[in-house]
Amino acid sequence: MNEEKIFSKISGVSAEDILNSISTGIYFVTHDRQILYWNKGAESITGFTENEIVGKKCFETPLKHLDDKGTNLCEGYCPLVEAMEKKKRVEKKVWVHTKSGNLKHIIVKAVPMYDKVGQLLGAVETFDDISLIDKMKDMNKRLKELSIRDPLTNLYNKREMYFHLKRAIAKSSRGSKMAVIFIDLNNFKKVNDICGHLEGDRIIKEFSRKIRMALREEDMLFRPRASRFGGDEFVIVLEVNRFMNKKNLTKRIEEIMKGFSIESCIGKINMAIGVTNVNTTDSIEKIFKRVDLAMYKSKKSGEAEFTD
């Protein structure tokens, strides 16, 4: 179908009618940034009508485009100016003030416009509301966090810890010194049986908070990953200073965690701690067999126990 036939089918429909039927915001500015055109899509997105915008210079309007740092682009190097100066299409994500007083996230595309002899006339800017896309991204991020976090403590859950254990084995094979700590709260079942589950949850949350605080110790622990592995069981995977031997490692862990005891209705809740290094030939099953054995020795000795 040739061009003449196409336009014969839409005779009586003006270019303005077509532009106003588009949900995308569209406006045209002269080379000195005076707005000459403002379509219905722009009105719908911002709330500002054609009468409120057209005739003003873009930096005189209440639109006030901002970047992510809060810089007012209309008072400086906005996408329209950049497009005209660089003589090319410019695309950016910015924030725009709406008539209701809110900020709306939009993606703008600015293109310089020239006459038939190549003289700059101004620029056209199109923009679309991406607020819904932002919300979907935030929701997906939140859903991902929920899939890898324990809801009570916000530590990693058991499934995610298996992933970090696999990474620890891989890093060990590349020369990093990795260690696993297995922590069990002593007599925790009595807390639930005697004090109730609300008290049990309080202790678990308090203990998890102390773990997060303790793992800020940067002189020994690097990139630690802590998880709530079971009801009262916690697993920590960490990279260790390669010059620290098992005796010093165990001692340092005890120093960090010595203040971890928590008061409950049955008295102080202490913990058993098992520690093991990750070997290059390890599997997750081998690691847990060793660290679990060390943890049970700790229950008897009352001290952190290390096993190779």
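The mean sequence separation of alpha-carbon pairs under 8 Å and at least six residues apart, normalised by the residue count of the chain, gives a relative contact order of 13 percent. A simple spin-label model places pseudo-atoms 7 Å from Cα toward Cβ; at residue 56 and residue 147 they are separated by 4.5 nm.
Does segment 10-130 classify as rounded, prolate or oblate by the C-alpha gyration tensor (a ≥ b ≥ c root eigenvalues; a/c under 1.5 gives rounded; else a/b over b/c gives prolate, otherwise oblate)? Because a/c hits 1.5 or more and a/b fails to exceed b/c, segment 10-130 counts as oblate. Taking 4.7 Å between C-beta atoms as the pairing limit, the chain has these partnerless cysteines: 58, 74, 78. Considering only alpha-carbon pairs that sit under 8 angstrom and 6 or more positions apart, the relative contact order computed for segment 10-130 is 24 percent.
Measuring against 19 Å, Cα to Cα, the residue pairs 246/297; 57/99; 171/251 contain 171/251 as the ones spanning a longer distance. Which shape class applies to the chain: rounded if a/c is under 1.5, otherwise prolate when a/b exceeds b/c and oblate if not, where a ≥ b ≥ c are the square roots of the Cα gyration tensor eigenvalues? Since a/c reaches 1.5 and a/b is larger than b/c, the shape of the chain is classed as prolate. Charge dipole of the chain (Cα centre as origin; +1 on each Lys and Arg Cβ, -1 on each Asp and Glu Cβ, all else neutral): 1480 debye, rounded to the nearest 20.
Each residue, residue 34 and residue 91, gets one label point 7 Å from its Cα in the Cβ direction; the gap between the two is 3.2 nm. Of the peptides 234-240, 190-196, 250-256, the order by per-residue mean of other Cβ atoms within 10 Å, starting with the highest, comes out as 234-240, 250-256, 190-196. Each residue in 260, 229 was given a count of other beta-carbon atoms within 10 angstrom of its own, and listing them fewest first yields 260, 229. Taking amide H as placed 1.01 Å from N in the peptide plane, residue 271 has its amide H under 5 Å from the amide H of 186, each at least 5 places away in sequence or on another chain. Between residue 157 and 149, 150, the built amide H atoms are under 5 Å apart, and every one of these is 5 or more places off in sequence or on another chain. Sorted ascending by nearby beta carbons within 10 Å, beginning with the fewest, 202, 228, 290 become 202, 290, 228. The fewest-to-most ranking of 197, 31, 65 by surrounding Cβ atoms within 10 Å reads 197, 31, 65.
Annotation: amide H of residue 113 within the under-5 Å range of 121, 122, 123, 124, sequence separation 5 or more or interchain, hydrogens built in the peptide plane.
For segment 148-307, the relative contact order works out to 31 percent when only alpha carbon pairs closer than 8 Å and six or more residues apart are counted.
By definition, a body whose alpha carbon gyration tensor gives a ≥ b ≥ c is oblate when a/c is 1.5 or more and a/b is not larger than b/c, and segment 134-190 fits this oblate description.
Readers should treat all values here as calculations from the given coordinates under stated rules, not as data from a laboratory. Fair warning: this is a prediction, and the values are worked out from it, not measured in the lab. In this analysis, Cβ positions are derived from the backbone assuming ideal geometry, glycine residues included, and neighbour counts consider all displayed protein chains.
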